[in-house]
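The values are calculated or read from the model by the stated rules, or taken from the named source; none is laboratory data. What you are looking at is a predicted structure, and each value in this text was computed from that prediction instead of being measured. Backbone-built Cβ (ideal geometry, glycine too); neighbour counts: all protein chains shown. Accessible surface is based on the protein model in full, side chains and every heavy atom, while ligands, DNA and RNA are left aside. Shrake-Rupley method; radii C 1.70, N 1.55, O 1.52, S 1.80 Å.
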Amino acid sequence: MAINFEVSLYRFNVFILSLIVTFMFIANIFVSSFQFRVGGEMGWIKPIGNESETYNEWAARNRFHVGDTLYFKYKGDSVLEVTPANYLNCNTTSPISKFENGETVYKISHSGFFYFISGQKNNCKFGQRIILRVMHPSEISSPASAPDISPAPGVGGGDDGGDGWGSDFLGPQVINSTTALSVFSYFVTVLGGVMVFLYFLM
């Protein structure tokens, strides 16, 4: 009888351990990166003046992390990653990076500020440009405290009166990786409590 109990307990522990490893693997895939679609369904286009918010207002309300990706969809245009000075002046002549394949997926490699403008100078002047603040990994441990999302000194932010264009009116706002991490943390806590309860029950 004692041997059967030990075998059952062993099988139960192996089952629970397998569940934990599986959920951690799934969560790592889900949390480690998230794709943000810049401009929503309409994509990366020149603003026409009746948008509900600017690109920078949209960016300021989202939390971007290292490993997340930005998806730019566009036609007859390009996406330029630029310096803060070139962002301010809509200077398209010396970008850090240039993308023009119509469907750009840009992977965020480090924390800090990123500046993107349209490859068409006039489009940029009309507001087709965006500043993103990527959170430092140390900030992720305390999602309750909102980070400072204002851009670097001397560069316009979300309340710039037309400096960019947002996407919430084009579709629902997507969940970001901080929210996913919080949900997973609660799940693991509950699962741990159930495991302890079942262990003592047996």
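Annotation note: of G49, G67, G76, the sole residue that is within 16 Å of M135 (Cα to Cα) and either in a strand (DSSP E or B) or not aromatic (F, W, Y) (or both) is G67. When Y87, Y74, Y55 are screened for being at pLDDT 90 or above, open to solvent by less than 30 Å² (accessible area, probe 1.4 Å) and more than 15 Å from F114 (Cβ to Cβ), only Y74 passes. Here T93 fits the description: surrounded by fewer than 16 Cβ atoms within 10 Å (Cβ to Cβ) and among the β-branched types (V, I, T). State yes or no: is V31 modelled with pLDDT of 95 or more and either in contact with a helix residue (DSSP H, G or I) (Cβ under 6 Å, 6 or more places away or on another chain) or over 15 Å from I130 (Cα atoms) (or both)? Spelling it out, it is not the case that V31 is modelled with pLDDT of 95 or more and either in contact with a helix residue (DSSP H, G or I) (Cβ under 6 Å, 6 or more places away or on another chain) or over 15 Å from I130 (Cα atoms) (or both). Taking region 111-138 as the range and being open to solvent by 10 Å² or more (accessible area, probe 1.4 Å) and under 14 Å from the mean Cα position of the chain (by Cα) as the test, the residues that pass are S111, G112, F113, I131, R133, H136, P137.
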